[in-house]
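Take a look at the structure set out below.
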Amino acid sequence: MNPAEKVLAELEKTISLLKQEEMDKLADAILSARKIFIAGAGRSGLMGKAFAMRLVHMGFNAHVVGETTTPGITDEDIFILGSGSGETKTLLAMATKARDINATIALVSIFPDSSLGKLADLTAQLPGASKEQGEGEYETIQPMGSLFEQTLLVFYDALILALMDKKGLDSHTMLGQHANLE
């Protein structure tokens, strides 16, 4: 088996363990929010940016936390965090602020009972290994948090499909929201 096939085999295993009911709850929370804020650190943050881009393509008022055009969050909004460990200090500070404002907080993580999970209104647990790959965690041949980050992107893309279905959208209807100055 070549390295790419090994990565794909690991990803197929993690994807088979995703919980549809967690995705459905998150989709419903997104649909009821006025604005959607996405955050993550490092590679998890990059997966969040890809997710935010697709939300914009669907016509949602979605923002990546930390960008210069990101507005303020309110109690009518949802804040979605992607964090393998659920312990990232910068994300904890953001989630605490969002909690103070009474925004809905959602966490997508390996550890739903983490510090971020305790602040969250809803969680989605993804199998994978944190970057430290501690004892008793999911086994992977990949370095650090790669398997979690890949699973996070697939989870976000599957969530987009669920939202497309709920909103009656297809790829063609979303194309009108795609960037056109490139």
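The values are calculated or read from the model by the stated rules, or taken from the named source; none is laboratory data. Computed from a predicted structure; not experimentally measured. Methodologically, a virtual Cβ is constructed for each residue, glycine included, from the backbone with ideal geometry; neighbour enumeration extends over all protein chains shown.
Observations on the structure shown:
- Hits in the range 117-129 - residues which are touching a Ser or Thr at 6+ places or on another chain (Cβ under 6 Å) and modelled with pLDDT of 95 or more: 117, 121
- Test: residue 107 is buried (at least 24 other Cβ atoms within 10 Å of the Cβ) and touching a residue at least 24 places away in the same chain (Cβ under 8 Å): yes
- Taking the range 37-55 as the range and being farther than 26 Å from residue 144 by Cα and in contact with a helix residue (DSSP H, G or I) (Cβ under 6 Å, 6 or more places away or on another chain) as the test, only 54 passes.
- Taken over the range 49-94, the residue count meeting the criterion of being surrounded by 14 or more Cβ atoms within 10 Å (Cβ to Cβ), touching a residue at least 40 places away in the same chain (Cβ under 8 Å) and in contact with a Lys or Arg (Cβ under 7 Å, 6 or more places away or on another chain) is 3.
- Boolean, residue 29 is surrounded by fewer than 19 Cβ atoms within 10 Å (Cβ to Cβ) and touching a residue at least 40 places away in the same chain (Cβ under 8 Å): yes
- Here residue 6 clears all of (1) over 15 Å from the mean Cα position of the chain (by Cα); (2) at pLDDT below 95; (3) part of a loop (DSSP other than H, G, I, E, B) except the condition numbered (3).
- Count of the range 97-111 residues which are in a loop (DSSP other than H, G, I, E, B) and at pLDDT 95 or above: 3
- Candidate set from the range 151-169 (those that are part of a helix (DSSP H, G or I) and among the small types (Gly, Ala, Ser)); member that is farthest from residue 127 (Cα to Cα): 162
- Which numbered condition residue 44 misses (of (1) under 17 Å from residue 107 (Cα atoms); (2) outside any helix (DSSP H, G or I); (3) among the polar types (S, T, N, Q)): (2)
- Qualifying residue in the range 57-77 (condition: in a helix (DSSP H, G or I) and out of contact with any Leu (no Cβ under 6 Å at 6 or more places or on another chain)): yes
- Condition check for residue 135: modelled with pLDDT under 95 and farther than 21 Å from residue 19 by Cα: yes
- The set of residues in the range 15-41 that are in a helix (DSSP H, G or I) and of a type outside the set (A, V, I, L, M) comprises 16, 20, 21, 22, 24, 25, 28, 32.
- Between 89, 166, the distinction of being at pLDDT below 95 and basic (Lys, Arg) belongs to 166 only.
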